[in-house]
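Contents: one structure, followed by commentary.
Just so it is clear, none of the values below were taken in a lab; they were calculated from the coordinates. Here the structure is a predicted model, which is why all the values come from computation and not from measurement. Cβ sites come from the backbone with ideal geometry, for glycine too, and all protein chains shown count toward neighbours.
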Amino acid sequence: MFKLIIFLLTLRSCKTTGLKTSESLVLFSQFLHALKQNIIKFANNPGSNTRTGIGAGIHQKSGLLLDLKDADNQTITFTTSPMNNLKLMKEYLTWYFTSSSRHGVHSPFMYDFLDKCLYAGQDSGIFDKIESQRSRLIKNRQIITFKDLGAGSRNSDAIRTDGLTSKSIRQIAKSSLQSPKYTRLMYRIAGYFQCKNILEMGTSFGITTAYLSEAVKKEGTIHTLEGADAIADIARDVFNNLNCTNVTLHRGEFSDILPEIARCCAPWDMVFLDGNHNGPAVLNYFLFLVKHISPEGVLIVDDIRWSSSMWEAWNTIKSHPQVSVTADLFFMGLVFFNPSLSKEHFKVRF
Ligand SMILES: C[S@@+](CC[C@H](N)C(=O)[O-])C[C@H]1O[C@@H](n2cnc3c(N)ncnc32)[C@H](O)[C@@H]1O
């Protein structure tokens, strides 16, 4: 039964990440082999986050899928998310069997959103320039040192000394950036709601920012916040290379710089919370931002199931009186504020 669940999740993950089913099956058998050899164990304690084994890295989002591109490495680190993987699997199954696609949704607002935005395709060729920046970063093995301001990393290869973290650009590009599936979704959301003023908390190397910049073109502005200077330097180069003239990069710890940025630049039509994955911090950002988001705006929270504190924060956000509709995409949560919509929470397959 357990293997069947892993198998189904692997197939599902391969759909999510675009791997071929045959590749996924190879990975699945490697994964089972490693499990059997006791090379990988699931973390029992939230917070205990790494195991070493042969095979490949576990997929950043699902925490389950093995990454074929790394399969030639001799020793690979399997990284489990702070949320116990077994718990995550159970949650995924529950979510999967209680979630719906556009056909199970009766709300005209949500149906239209799913039909024209969430499930809409677009010509991926327009993103080639941005994706070539991602590829360039993934090839770069230069080590950078910075202050890790988030809720820690899933990557065990980081070296930490005196409160500073050293990591290769490649590692960060592989573990911290949104995958093309999600960056394209951000692009579609910005376009669907015709967003003019966007806030992104957590720039990293600016790949999602570049998608947002492309979505709003010259008619909109993106304010993106990054607290790690060495990372922000690389994002600035990405924006220069892509000629993202509508992006303003703000450097600093979120809570220090957010009030000033809100004073100058709010209200926002779209906010993407993709930085600090600490539940109470996310809730504080939300409570501040709720006053600075336009009534027809959308707020996106990444990694709502990253930890129990993130899950609690998500549930508190859902019940906030200003929130009308939410959509739980499993990894991401979308929040809508439009007061003309009645309060409703959707679980939507994506
Ligand atoms: C997951 S990455 C962002 C990924 C990016 N949005 C993308 O899609 O490519 C999170 C970033 O937020 C930054 N960050 C986390 N917590 C922060 C804080 N409290 N203040 C400022 N920056 C922070 C980290 O340095 C990291 O670069």
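Observations
- Distant-in-sequence amide H partners of His250 (H built 1.01 Å from N, under 5 Å): Thr224, Leu225, Glu226
- Backbone amide hydrogens, once placed in the peptide plane, bring Asn197 within less than 5 Å of Thr221, Asp269, Met270, excluding anything fewer than 5 places away on its chain.
- Table column - 3J(HN,Hα) (Hz), segment 304-314, Karplus curve with 6.51, -1.76, 1.60, x for Gly and Pro: 5, 10, 4, 7, 5, 6, 5, 5, 5, 4, 4
- Put simply, when 114-121, 325-332 are sorted by average Cβ atoms within 10 angstrom per residue, most first, you get 325-332, 114-121.
- Mean Cβ count within 10 Å, highest first, over the residues of peptides 277-288, 204-215: 204-215, 277-288
- Highest-first packing order for the peptide set 303-315, 134-146 is 303-315, 134-146, based on the mean count of other beta carbon atoms within 10 Å.
- Relative contact order computed over segment 291-350 (Cα-Cα under 8 Å; 6+ residues apart), in percent: 36 percent
- Between Gln142 and Thr94, the modelled labels are 4.6 nm apart [label points 7 Å from Cα along Cα→Cβ].
- Filter on Lys90/Lys291; Lys90/Lys196; Lys174/Lys343; Lys87/Lys318 - keep pairs with C-alpha separation over 31 Å: Lys90/Lys291; Lys90/Lys196; Lys174/Lys343
- Amide H contacts of Arg349 (H built 1.01 Å from N, in plane; Pro and chain starts excluded): Ser100, Ser101 sit under 5 Å, all sequence-distant by 5 or more or on other chains.
- Positive minus negative residues near Leu273 (Lys, Arg vs Asp, Glu; Cβ under 13 Å): -4
- Phi-derived couplings, Karplus 6.51 cos²θ - 1.76 cosθ + 1.60 at θ = phi - 60°, listed residue by residue for segment 232-245: 4, 4, 5, 4, 4, 5, 4, 5, 5, 4, 9, 6, 7, 7 Hz, with x used for Gly and Pro.
- Gain upon complete extension [Asp123, Glu260; 0.36 nm per residue less C-alpha separation]: 45.6 nm
- Net charge dipole size for segment 287-350 [Lys, Arg +1 and Asp, Glu -1 on Cβ; Debye, nearest 20]: 100 debye
- Of the residues Tyr182, Tyr111, the one with the fewest other Cβ atoms within 10 Å heads the list, and the complete ranking is Tyr111, Tyr182.
- Full-extension gain in nm, Asn338 to Thr316, via 0.36 nm per residue minus C-alpha separation: 6.1 nm
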